[in-house]
Structure formats: structure tokens, C-alpha cells
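Novice: Would you mind keeping the following structure in view while I ask a few things?
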Amino acid sequence: MTAARGELDRTKLLAARYRAAHHRPYLASALYALTIVPCPEVGTMGVDRHWRCYVSPAFVAATPVEELAGVWVHEAAHLLRDHHGRAARLPAAAQRDGYRVNVAQDCEINDDLLADGLRLPAGRVEPRLYGLPDGQLFETYLDQLPPGVRGHDCGSGAHGRPAPWELPASTGPAPLGEAEARALRRHTAEAMRAHQRARGTLPAGWQRWAEEVLEPTVDWRQALSGAVREAAAWAGGAVDYTYRRPSRRTPALRGVVLPSLRRPLPRVAVVVDTSGSMGDAELAAALGEITGVLREVGVRGNRVTVLACDADVHAVSRVTSAEQITLGGGGGTDMRVGIEAALAARDRPSIVVVLTDGFTPWPDETPSCRLVAALIGAGAPQPPSWVETVRVPTGSPGQR
């Protein structure tokens with residue numbers, strides 16, 4: 001018996017989900033957590049961040065069960081990999097192009113699914129279509145995709161921006177809460193580990209994902225961004241009085257001008273360790289992260305000074321982007337020299353960020369500013385306890 005014209009063939013759709021769960025039992029809980037919403041506007045299939053799966057009746061009718069099974073796994077993968085949460089941590093400009101983000105995410109998923117032998121419909125997105133290698137995170141693909149790419153809209157469960165065809169959270173099938181979603185991700189990761197121990201096989205992409213869920217590592221980019229943001233908020237929290245903009249209470253007091261409060265932007269100094277042991281790739285990645293965060297919080301232009309330093313200060317520059325920075329040195333290492341030079345400047349900074357491999361002496365006492373150290377390399381020694389520390393593992397940018 002077939003579904004009437006325009007109606008969703010649930011039998012076929014559920015048969016496809018059963019096929020996906022039967023052949024990959026470690027995904028069964030996630031697949032069956034998705035609730036079905038018939039939706040002609042969606043085009044194919046998509047998910048919202050509440051684990052509701054929107055399905056086009058026409059797409060189901062035209063697609064073989066084996067390919068529908070692959071699409072089920074694809075949509076569940078967006079939610080298991082927390083694509084909408086990761087998209088929310090992208091720079092604001094990148095978030096605005098949801099289609100581009102979605103294409104990058106599809107590249108991250110589909111190379112794993114195809115390597116696992118799943119069939120996907122024609123027109124699928126793959127990294128090779130853009131001359132890119134398999135096995136990367138979507139954040140890496142996003143930077144490498146050509147301009148103007150467009151693809152299928154998988155919904156807010158992917159790029160985080162509500163699609164026009166999505167239901168409000170208060171209507172339709174009950175949404176899955178974030179706490180439940182986290183528990184489901186962990187349960188799925190544990191099922192993958194058990195499957196691998198019993199069968200000895202698990203696709204490499206899923207294996208890496210399960211390891212990250214069960215034994216999470218700190219995202220150094222997020223940690224470094226958070227430290228810089230917090231320091232900037234702390235420094236910008238200081239207030240002072242100014243007569244440049246009189247208080248709003250002034251008109252009520254004849255002949256008296258009251259000052260208003262102002263919240264100044266902080267000045268920031270970035271001390272870069274240019275000794276011979278530092279790697280250019282890690283330096284560039286960390287420096288780019290710092291300058292990007294400073295731009296977002298409004299600290300730019302002549303408020304940011306970069307000092308290239310080994311055992312001496314070799315270059316001091318005012319910058320608006322990482323590309324303008326001149327790095328010099330290559331000798332011994334003493335970051336105290338750079339910190340002292342930064343604090344001795346006429347425009348004294350309220351935040352000093354030090355990029356170093358950690359093999360350096362530190363000041364004997366806490367300086368009169370906020371000090372953040374980005375320690376590059378797993379073997380970097382721990383600085384004094386009063387230094388805020390973020391560890392940047394070598395070779396980490398762009399890798400899973």
C-alpha cells in the first residue's frame with residue numbers, strides 16, 4: 001500500500017530509519033530520539049536544534065530506502081556533533097552565512113558516511129568537490145571553501161539559525177532539552193566504544209568523536225578567547241568622570257555642570273616570544289585568535305601594541321591585524337623584558353598577553369595589570385600561579 005499523493009509515506013521512512021539503526025546499532029538511540037514532522041517546504045530532510053526532523057513527503061517518495069537511511073544518519077550526525085553549538089562560537093561574520101556553514105558541516109559529515117559505506121542521494125556535498133581533503137572539522141572547511149557556496153539547508157540543528165519551515169519550540173512535538181541531548185551524546189559515544197571493543201571496527205570519524213565526548217580536551221581557541229574577553233571586560237569595568245559629555249542631570253541644576261561616567265576601552269600589549277624554539281604556525285594561530293577577539297570587543301587600532309621579544313625587545317608595532325605584525329629575534333628567551341617594556345610605555349596597557357613556549361623566567365611579583373599567558377606546546381612549564389594560563393597544543397589548528 002502506498003501513501004496518497006502529497007502524504008508522507010511513514011512506512012518507507014520508518015523502514016529507512018530501522019535499516020540505519022540495524023546496521024549501525026550504536027546510532028540507534030540518537031536515530032529514534034528524532035521526532036518526525038511532515039513538511040513539504042523543507043525540500044529533503046532537516047533538523048532543528050530540538051531534535052525534531054522535518055521531512056518532505058515528495059523527497060521520501062522519490063528516494064530509495066537505502067539512501068533515506070543514509071540521510072537519517074546524516075541529520076542525526078548534525079545534532080550528535082553539536083553543530084549548532086559549535087556554529088554559535090564562530091565569529092559573527094561567519095555565522096551570518098548559514099548556507100556556507102551548512103556546506104562546511106556537510107563536508108565534515110559526508111566524508112565519514114561515505115567511507116563507512118553509506119549511500120547518499122545524488123547532489124551530496126563532499127570535500128573533494130572543492131578540492132579539499134577528507135577528515136577535517138567543519139571550522140577548517142569553512143575557511144577553505146570558495147566564496148558564494150550554497151547547499152541544502154539542514155536547519156537550526158546544523159547552522160543554528162532557525163529555518164523558515166521550523167516550528168516554534170512551544171508547538172509541535174515536544175523538544176529535546178539540552179541536558180537530555182548531552183546525555184544522549186554520551187550514551188551514543190559509550191555505545192560506539194562498546195561496539196568497537198566487541199567488533200573491532202568503527203569508522204574513524206565516529207571514533208574520534210566518541211573519544212572527544214568521553215575524554216574531552218579543552219578547546220584552546222575557546223579558552224584563549226574567553227581569557228582575553230574576560231580580561232578586557234575586567235579592564236573596561238573601570239569608570240572615570242568626564243566633562244566632555246555632561247551628566248543628564250545637569251539641566252536640572254542651573255549654573256552647575258555635572259560630569260558623566262565613562263567606561264574606557266583598555267589598552268592591550270601582546271608580547272610574542274620569537275626565540276628559536278617557537279613554531280610559526282602556532283604563533284600565527286594564537287596571535288590571530290587574540291587580535292580577532294580584541295576586534296570583536298572593540299579594542300583595535302592604536303590600542304593594541306605587539307612586542308617581538310626573545311632575550312631582548314626587537315620590534316614594537318601598533319597593529320590592526322595579525323598580518324601587520326613584524327616578528328624578529330630567534331635568540332634566548334626572557335619574557336620579563338617584553339613585559340617590562342610594555343609597562344614602561346607612555347600608554348601603559350591594562351592587559352598584557354604573552355605568547356610563549358614557557359621556557360622563560362617570569363616577573364618576581366604580580367604586575368599592575370592583567371597578565372594572560374598562552375603557552376604553546378604540550379611541554380610548556382607552568383608559570384607562577386598568578387599568571388592566567390591557556391595551553392595551545394602544537395599542531396592543533398585545523399585538526400581533529
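Novice: Given (1) crowded, with 21+ Cβ neighbours inside 10 Å; (2) under 30 Å from Gly288 (Cα atoms); (3) among the acidic types (Asp, Glu), where does Asp48 come up short, assuming only one miss?
Specialist: Only one criterion in (1) crowded, with 21+ Cβ neighbours inside 10 Å; (2) under 30 Å from Gly288 (Cα atoms); (3) among the acidic types (Asp, Glu) is unmet by Asp48, namely (2).
Novice: Pull out all pairs, ordered by first then second residue, where Cβ-Cβ is under 7 Å, the residues are six or more apart or on different chains, the first lies in region 91-103 and is of a type in the set (D, E, K, R), and the second is outside any helix (DSSP H, G or I).
Specialist: What qualifies is Arg100/Leu145; Arg100/Val149.
Novice: So Arg96 passes all but one of these: (1) crowded, with 16+ Cβ neighbours inside 10 Å; (2) basic (Lys, Arg); (3) closer than 27 Å to Tyr130 by Cα. Which condition number does it fail?
Specialist: The single condition Arg96 does not satisfy is (1).
Novice: Can you work out which of the residues in region 189-204 that are more than 22 Å from the chain's Cα centre (by Cα) and closer than 17 Å to Tyr32 by Cα is least open to solvent (accessible area, probe 1.4 Å)?
Specialist: Narrowing region 189-204 to residues more than 22 Å from the chain's Cα centre (by Cα): 190-203.
Those left that are additionally closer than 17 Å to Tyr32 by Cα: 190-192.
Numbers: Glu190: 88, Ala191: 32, Met192: 0 Å².
Here the answer is Met192.
Novice: Please go through region 121-142 and pick out each residue that is farther than 23 Å from Arg208 by Cα and either polar (S, T, N, Q) or in contact (Cβ under 8 Å) with a residue 60 or more places away in the chain (or both).
Specialist: Listed by number, the list holds a single entry, Pro121.
Novice: Then there is this: Any residue at all in region 334-351 that's under 21 Å from Gln222 (Cβ atoms) and either assigned to a strand (DSSP E or B) or modelled with pLDDT of 85 or more (or both)? Break it down into steps so the answer makes sense when it comes.
Specialist: So the first thing to find is which residues in region 334-351 are under 21 Å from Gln222 (Cβ atoms), and the list is 351.
Subsequent filtering for residues that are either assigned to a strand (DSSP E or B) or modelled with pLDDT of 85 or more (or both) retains 351.
Yes: region 334-351 contains one or more residues that are under 21 Å from Gln222 (Cβ atoms) and either assigned to a strand (DSSP E or B) or modelled with pLDDT of 85 or more (or both).
Novice: Next question. Take the residues in region 377-400 that are closer than 22 Å to Leu90 by Cα and open to solvent by less than 20 Å² (accessible area, probe 1.4 Å), then tell me which one is modelled with the lowest pLDDT. Full working, then the answer.
Specialist: Keep residues of region 377-400 that are closer than 22 Å to Leu90 by Cα, which gives 390-400.
So of that shortlist, the ones also open to solvent by less than 20 Å² (accessible area, probe 1.4 Å) come out as 390, 392.
Details: Val390: 84, Val392: 77.
Ranking the qualifying residues of region 377-400, first place goes to Val392.
The values are calculated or read from the model by the stated rules, or taken from the named source; none is laboratory data. The shown structure was predicted, so the numbers you read here are calculated from the model rather than taken from an experiment. Counting neighbours? That spans all protein chains shown, and the Cβs are built from the backbone with ideal geometry, glycine included. Just the protein is used for accessible areas: all its heavy atoms, side chains included, with ligands, DNA and RNA removed. Shrake-Rupley method; radii C 1.70, N 1.55, O 1.52, S 1.80 Å.
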